[in-house]
Every structure is written in structure tokens, then in C-alpha cells.
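Student: Quick one: the structure is below, and I'll ask about it shortly.
The values are calculated or read from the model by the stated rules, or taken from the named source; none is laboratory data. Computed from a predicted model, the values in this text were never measured in an experiment. Every residue, glycine as well, gets a Cβ built from its backbone with ideal geometry; the counts of neighbours run over all protein chains shown.
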Amino acid sequence: MQQQLKVAIVGGGIIGTACGLRILETLPAAEVTIFTDQVTPNTTGDVAAGFWTPVYLSKTPTQLSDSWSEETYRYLQSIVESNPTPGENGVHYTPGYTVYRSENLPVISWSHIPIGFRPMTESEVSMFPPEIKGGYFYVSVMAEGRKLLPILMDKFKRLGGRLVTNRRLTSFDSLIGQGFARIVNCTGLGARDLCADEKMYPIRGQVHRVRAPWMNFWLMDSETSTYCLPNSDTVVLGGTSQKGNWSTEVSAVDKADILHRVTSLWPSLASAPIVQDAVGLRPGREQVRLEREIRPDCTIYHNYGHGGSGLTIFWGCAKETVRLLLEDIGSYSKQQNGERNGIKAAL
């Protein structure tokens, strides 16, 4: 009789939860357990606005990041189209603008992915301060981690997955001792200690949630890390991208700077009352690590270092993780031959 596949996932954020879901959807007989010291609402994804756009991916090959981004965008589309109540799951279409101070706009490798991607018209550019010379319009998908992550975790459990909390691992040895020969490492910044990966570094992000129900489109000034991102009940104003800064305390200096930058870009936000200040540490790395590591007593599938793009590439990265796992257990070809067309929403 074939032994049941046991998979341990280390990390219970959006990356680990997505991997757990995709494994159980593909291999429903597997025993999958997520071990984590932090769960929603205390993960980095809970702080994030959930804005789909590839950022802070550094030297990750464009072909890979674009593929992961597209897989995730299509998945989020399927959620929107099958669940037309964004207030419940936090996933919704939102149009908006990325603006630049030069008329020579950069070439965007992923412009084929989002709905309606195009250069801004002169009329649209005129809505902004004179220093803004151009930009792009497209329809993004907001995937609010604080709402989506609990739903995905619940789905993981309903499919038979187990969640073990308050477990901060210092090595993989204890999991190997429990019979886990397959381990998925989704520890984000924790990989710096768990794997002695000195390439990991924090990218500190500070945001402020305000009440601004009139804001029905997003704004992004990539040159200054300034943004305005509507969620289902608040609008997220930001931000900072401070590499190497480990502080999770709200900075009054950063707050004043963020509000000045945002209101200079869109003055009506000056009257919006602030309802929450928050700080998150993005898991920065020169390149996303998504690969297998074969050890004598186990195989580890590393999936971490997603920078500020966790909610932009999580579903695509989970797909690649499952592909590696299926290859190793000899089921990849069979799974590919029997796979149904289309993308199934997980909600």
C-alpha cells in the first residue's frame, strides 16, 4: 500500500496558505500541515492594501515574475467574477493611474496582463499637478489580505489541511522527526534565520488608512513610493520603501511626509480622517527564491523573498511549488494530462 504523502508548510501568510490550498486541490489525499508563529491578522499581508502590481522584485527574471503575476491576476479575476460582493472577501476590480514626471514612459513588460492597460490621455494627465507629465491607466485587482487570507485559510482547513500555531522553528529537524519528507518553506523574512539566508532584508512599509469613500480609483507615483489605494471600507495611503529598516513602530516623521506627498498628488485627501496607522516589513531579496533543495533526509521547496509583491504573485508561485512537488513524486505528467482547463476560484 502506498504511503500517504505528508507535507509540512512553514509559514502561514498568503504564500504558505496558497501553497497549502494548491497542494490539497491537486493532491486531496495528502496530509498537509501549516506550521506558523504568526497568523492573520498579524501577517505582512494583513497590513498590505492588496494592490496587484509587480513591485520590489529586484533581480527576479522578468519572464518568471510576469508569469506568476498573470497566474495570480487571472485567479483573482475568477474570484471577482464568481463572488460579486467585494465587501465580504476583499477582492475587487479597481481602475487607476500610475503617474510619471517624464513624458518618456518606461516600457512595462506585464502590460498585457491587466484589463484596459493604456497610456493616460492628456485630459487625464491634466488632473494632476504640473510636474506629472504622463502615465498609464489600467484596471488592477485589490486583494485585501486582511479579508482574503482568513477565507483562504478556512478553505485550506475544509479541504483537510491542519494549522499548528505558535511554532517558530529554528531548524527543519523537528519536522523531519515527525515524518515530513516534503517541506515547503514560506517563511519570508524568517528565512534569514531559519536558512541563514543573508540575502534577505526588510523593506519597511508604513501606511495610513483613511475614510475617503469618494476615492473610487487608485493612484501610484512609483518614483516617490506614493500611493492611494481604495479598499472596500477604507483607503490606504502610503508609503515608504526603506530597505534594511527593521522598525515596526509608526514614525511621525514618515506619517507627515506620506500625507504631504499624497495630498500634493490628490488634494481632496487632505480632509479624509485617519482611522489606522500601520507598519509592515516586506520580505526583500535580490531575487525570489523558488526552488527545491534536496537533502539526505528530506526535500525542501523554498518559496520566499517576494518583496512587495506577495499578493501579486502568490497564486503563480504556489502553482510552481506544486509543479516541483508533483515532479518529485512522479505525478506531474499524470496531473498535467488530467488537468481541467481554466482557473478555479478557491472561494
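Student: Which is under 30 Å from M215 (Cα atoms), in contact with a strand residue (DSSP E or B) (Cβ under 9 Å, 6 or more places away or on another chain) and touching a residue at least 24 places away in the same chain (Cβ under 8 Å), of G179, G161, G116, G135?
Tutor: Matching residue, one of G179, G161, G116, G135: G135.
Student: Can you name every residue in the stretch 37-53 that is over 29 Å from M220 (Cβ atoms) and either at pLDDT 95 or above or in contact with a Lys or Arg (Cβ under 6 Å, 6 or more places away or on another chain) (or both)?
Tutor: Scanning the stretch 37-53 gives a single hit, D37.
Residue-wise test of (1) part of a loop (DSSP other than H, G, I, E, B); (2) in contact with a strand residue (DSSP E or B) (Cβ under 6 Å, 6 or more places away or on another chain); (3) surrounded by 23 or more Cβ atoms within 10 Å (Cβ to Cβ).
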position	(1), (2), (3)
V262	no, yes, yes
D297	yes, no, no
L311	no, yes, yes
L324	no, yes, no
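Student: Scan the stretch 52-64 and report the pairs whose first residue is in contact (Cβ under 8 Å) with a residue 60 or more places away in the chain and whose second residue is among the hydroxyl-bearing types (S, T, Y) and surrounded by fewer than 20 Cβ atoms within 10 Å (Cβ to Cβ), with Cβ atoms within less than 8 Å and a gap of 6+ or a chain change.
Tutor: V55/S222; Y56/S241
Student: Taking the condition on the phi > 0 side of the Ramachandran plot and either surrounded by fewer than 22 Cβ atoms within 10 Å (Cβ to Cβ) or at pLDDT 85 or above (or both), does Y56 pass?
Tutor: So Y56 passes the test.
Student: Considering the stretch 91-118 alone, what residues qualify as being part of a strand (DSSP E or B), loosely packed, with under 13 Cβ neighbours inside 10 Å and not β-branched (V, I, T)?
Tutor: Within the stretch 91-118, G116, R118 qualify.
Student: On to the next question. For the stretch 160-233, which fully contained strands (runs of 3 or more DSSP E) count at least 1 residues that are β-branched (V, I, T)?
Tutor: Passing ranges, in order: 162-164, 182-185, 201-210, 226-230.
Student: Kindly indicate the residue of the stretch 216-250 that is without any contact (Cβ under 8 Å) to a residue 60 or more places away in the chain and in contact with a Ser or Thr (Cβ under 8 Å, 6 or more places away or on another chain) and also surrounded by the most Cβ atoms within 10 Å (Cβ to Cβ) among those meeting that condition.
Tutor: By that ranking, first place goes to G239.
Student: Taking the options I79, I23, name whichever one is of a type outside the set (S, T, Y), within 30 Å of M215 (Cα to Cα) and part of a helix (DSSP H, G or I).
Tutor: After applying the criteria, what remains is I79.
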